[in-house]
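I have placed the structure first, in the form of structure tokens, so that the comments after it can refer back to it.
The values are calculated or read from the model by the stated rules, or taken from the named source; none is laboratory data. Small disclaimer: the values here were computed from a predicted structure and weren't measured. We place every Cβ from the backbone using ideal geometry, glycine too, and count neighbours over all the protein chains shown.
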Amino acid sequence: MNNNLSPIKVDVLCVGHACYDLVFSVKKHPKSDEKIFADNLISSGGGPAANAAIAISRLGFSSAFAGYLGEDLYGQKHLQEFVDENVDTNLIVRDILSTPLSTVLVKPNGERTLINYKGSTKPLLADAIDFSSVQAQAILLDGHEPKLSLELVELAKKLEIPTILDAGSMHEGTSKLWNKVDYLVASEKFSRQFSDDVHAALNRLSENSPSVVITLGEKGLIWQQGQQTGSLDCFPIKAIDTTGAGDAFHGAFAAALSDGLDWLSILEYSSAAGALCCTHLGARQGLPWKKDHDELMGIKS
């Protein structure tokens, strides 16, 4: 069990998956038995909640990451990135099992394919991390630590801390959490588990979740809160790599929520972060800094 006695005061606590990314730039995605050569390679830490924690920090907020990193080279490199980016690392569990790896193949138009490898690494047990010392304004979950997250959501309700789920796809964690959090921010892929029509999916999800957003990539997003619904176009950008755009969006969403922004401002703030991430190769490299984010939104520093 990870025991932390010192108080951890942050704007956003991010809970979930941390991995290490190897991102190859390719002219096309390979076919069966085809050998291709990459034009470029970048490597860095990754994972939805891990990227979100760094996005939050770059936007000028404080964040902590709770999850697992191996004691191997990739785990050490990722831990150092957290430290360099001013993310609180006191809630990270480390052990001899390997750090998960992700290989990403990115085409010139930004389209990508991913290969994830977790080896024998399994989700942490519900009592693996002691959250009693954490004081957060919002909690962001990516569902990849379901046992931890279910316990934490219940604690957050008692403490009246808003919870957000990054529902990128349907898996064990998101299937258990989507109707238990305060804010469900889902991908189009996730929504299609409920209906092939995204608007019908939005209605179905809203029957069990008070605030729902479905992100639609270059088509923007749609949302529903109670009986109110709406949509938002994406910011016009030239996409180089869409890897990490969702992570940037979720991190910015949680940060804006922790800052008390109104609903439509939260959506615009998040959309700007997601758009900016697409203008760089690599998820971690694309996570926006406050200066660039403010400039896109027309905010004077």
Which pairs turn up if I take residues in region 117-136 that are within 22 Å of GLY75 (Cα to Cα) and look for partners that are surrounded by 14 or more Cβ atoms within 10 Å (Cβ to Cβ) and charged (D, E, K, R) with beta carbon separation below 6 Å, at least 6 apart in sequence or on another chain? PRO123/GLU145; PRO123/LYS147; LEU124/GLU145; LEU125/LYS147; ALA126/LYS147; ALA126/GLU151
Out of THR121, THR99, THR174, I need the residue that is polar (S, T, N, Q), surrounded by 22 or more Cβ atoms within 10 Å (Cβ to Cβ) and in a loop (DSSP other than H, G, I, E, B). Which one? THR99
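Considering only residues that are of a type in the set (Phe, Trp, Tyr) and without any contact (Cβ under 8 Å) to a residue 60 or more places away in the chain, look in region 258-300 and name the one that is nearest to GLU85 (Cα to Cα).
Among residues in region 258-300 that are of a type in the set (Phe, Trp, Tyr) and without any contact (Cβ under 8 Å) to a residue 60 or more places away in the chain, the one nearest to GLU85 (Cα to Cα) is TYR269.
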Of a type in the set (A, V, I, L, M) and surrounded by 14 or more Cβ atoms within 10 Å (Cβ to Cβ): which single residue out of LEU13, LEU73, LEU41 fits that description? LEU13
Qualifying residues in region 251-293 (those that are in contact with a Gly (Cβ under 9 Å, 6 or more places away or on another chain) and among the charged types (D, E, K, R)) - the one modelled with the highest pLDDT: LYS290
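Of the residues ILE139, ILE115, which single one is modelled with pLDDT under 95, touching a strand residue (DSSP E or B) at 6+ places or on another chain (Cβ under 7 Å) and either part of a helix (DSSP H, G or I) or among the hydrophobic types (A, V, I, L, M, F, W, C) (or both)? Give the derivation first.
Working: ILE139 fails: modelled with pLDDT under 95.
From the options ILE139, ILE115, the qualifying one is ILE115.
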Just to confirm my filter: which helices (runs of 4 or more DSSP H) fall fully inside region 195-299 and include at least 2 residues that are under 18 Å from the mean Cα position of the chain (by Cα) and closer than 24 Å to CYS14 by Cα? 245-258, 263-277, 283-286, 290-297
